[in-house]
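These notes concern the structure reproduced below.
Every read-out reported here was derived from the displayed coordinates using simple, explicitly stated rules and does not represent laboratory data. All values reported here derive from a predicted model rather than from experimental measurement. Methodologically, a virtual Cβ is constructed for each residue, glycine included, from the backbone with ideal geometry; neighbour enumeration extends over all protein chains shown.
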Amino acid sequence: MLNQAQLITYADRLAGDLQGLRALLTGPLEGAFGGVHLLPFFDPIDGADAGFDPVDHRAVDHRVGTWDDVQAIAATHPVMADLIVNHVSARSPQFQEFLAEGAASQHAELFLTLDRVFPDGVNETLLGKLYRPRPGLPLTAVQLGDRTKRVMWTTFTSEQIDIDVRSAAGTAYLDSILDRFGENGIEVVRLDAVGYAIKTPGTSSFMTEETFDFIDDLTARARARGIEVLVEIHSYWKRQLAIAERVDFVYDFALPPLMLHALYAGTASRLRRWCEVRPHNAVTVLDTHDGIGVIDVGPDTADVATNPGLLDAEEIDHLVEGIHEHSHGTSRLATGAAASNVDLYQVNCTYLDALGGDEGAYLLARAVQVFLPGIPQVYYVGLLAGHNDVDLLHATGVGRDINRHYYSEAEVAGDLERHVVQQLLALLRFRNHHPAFEGTWTLEPAGEDDAVLAMRWSGNGEVAALTVDLRGRTIEVAFTLDGREHRVVDVADLPDPRSQG
């Protein structure tokens, strides 16, 4: 991954298709992104889970383009794609053949059944230990062609059948996807839902030592093909630190809620603590295709007493209620039991609406994001400073759709002209191309005012420093360029370093 900001987007929801996305990246967004995470473009893009339940993980949905179109984007912007590790669509030809033929199917070993995890039987105590991202048990009964019944492992929905990733068939399946990615210029894979992939009797079956071993093995297989690995895990923050030591990149999912807490409370204390310990091989985000995580700043659910969270229970409650209040209640419509297909530990809302539409606070949060060590990743709705799409939520009943707007070409063109979007693009181009960001990062010591957070980069004989006031919601960027000192308070005034000299 280049040390530059990445765009994370669905091709169809931002630009219609892959060719349209390439035109944006090489046109009005030129210089703002050094890579792109293409959210599922596999066949189909509109299954039960917005493409995260592929029928054919190795095929591009013809409605967005072809592998040639993916290669064309990769020629100018390194591409990340999702390796959906844990499951495949119930409509996949492999599972349909299993349903028809049962144990005689050549794909029988690919799918995980209850008895394969618990060969000696299972009881309520064992099932109660399982960590669940969603309500209910991760099991679905199916009837085979000979009218016998099997109980399949379905971590997320009954439409997503879990893979036995440790079987020969499961290994071959995942390797075939990595091969297809490597052949078509994919440089990074995000291991989607990998934390649930290994089921170990008597444990939570989430991020166990066996899971780490599997991640190590899968990472090695990806690296052998010249592909880097980003691990996607929502979990207790100390687990993120452990994961970061064993993979190329890990998400900083604690940053979005901590940034909101800092702006709501007008204090940098909690955010500062995280800045001091967070991994530097992180992909930093404020928003993604999923919701704003809560578990990432909460305590270890397995040991609350001795492993506290980055926020305490009262602060988390204020955070969640603060998002609902700032979004005028629209996030409440999309969160928890209020909408289907949601994760229990996330609040669904655009980041701008989580800040009550305050564009100054929004840019402050983005400035902190891009100045922290790591690779900044900006979600397409966030790029265009989008608001909650309540109409789409009502149309689909899917909570996360509130932050998955379908943009028309006219909407994109209009939003690109908005001042807040121009400010963000200037910030991204500055972050991508100022030479100081290749150097050393320093968090400045806390001063008397706990609302102030300051950090700096020094490298290649240049400096770039950020100071934010969380209470006053002000930004100051001080930097040198070609030996000259500059100071700006409106990020729109940041220069594109490529044009200097």
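I'd like the antiparallel share, as a percent to the nearest 5, of DSSP beta bridges with both residues in the chain. Please report the intermediate quantities before stating the final value.
Details: 37 of 65 bridges.
Beta bridges within the chain, antiparallel portion: roughly 55 percent.
Between the C-alpha center of region 67-119 and that of region 5-52 there is a gap of 22 Å. Ranked by how many other Cβ atoms sit within 10 Å of their own Cβ, fewest first, the residues M152, M259 fall in the order M152, M259. The dipole here belongs to the chain: it is taken about the Cα centre, uses +1 on the Cβ of Lys and Arg and -1 on the Cβ of Asp and Glu, and is about 360 debye. Relative contact order of region 436-499: 22 percent, from C-alpha pairs under 8 Å at least 6 residues apart in sequence. For region 93-161, averaging the sequence separation of C-alpha pairs within contact (under 8 Å, six or more residues apart) and dividing by the residue count gives a relative contact order of 33 percent. Pairs of Cα atoms nearer than 8 Å and 6+ residues apart set the relative contact order; for the chain it is 13 percent.
Can you give the local net charge around V36? Use residues other than it whose beta-carbon is closer than 11 angstrom to its beta-carbon, Lys and Arg +1, Asp and Glu -1. Residues near V36 contribute 0 overall.
Count Lys and Arg as plus one, Asp and Glu as minus one, and take only other residues whose Cβ is under 11 Å from that of L18; the net charge is then -3. The charge dipole of region 436-499, taken about its Cα centre with unit charges on the Cβ of Lys, Arg, Asp and Glu (plus for the first two, minus for the last two), comes to roughly 100 debye. The charge dipole of region 58-190, taken about its Cα centre with unit charges on the Cβ atoms of Lys, Arg (+1), Asp and Glu (-1) only, comes to about 480 debye. Coordinate range of the alpha-carbon atoms in the chain per principal axis, descending: 76, 53, 43 Å. Pairs of Cα atoms in region 6-153 fall into 5 Å distance bins, from 0 up to the last occupied one, in shares of 2, 8, 15, 16, 13, 12, 10, 9, 7, 5, 2, 1 percent.
What does the charge count around L178 come to, taking other residues whose C-beta lies under 14 Å from its C-beta (Lys +1, Arg +1, Asp -1, Glu -1)? Don't skip to the end; give the middle numbers.
Working: positive: R58, R180, R190, R221, R223, R225; negative: D82, D175, D179, E183, E187, D192, D217, E228.
Computed value for this residue: -2.
Taking the charge dipole of the chain about its Cα centre, with +1 at Lys and Arg Cβ atoms and -1 at Asp and Glu Cβ atoms, the residue from H328, T203, L416 reaching farthest to the positive side is T203.
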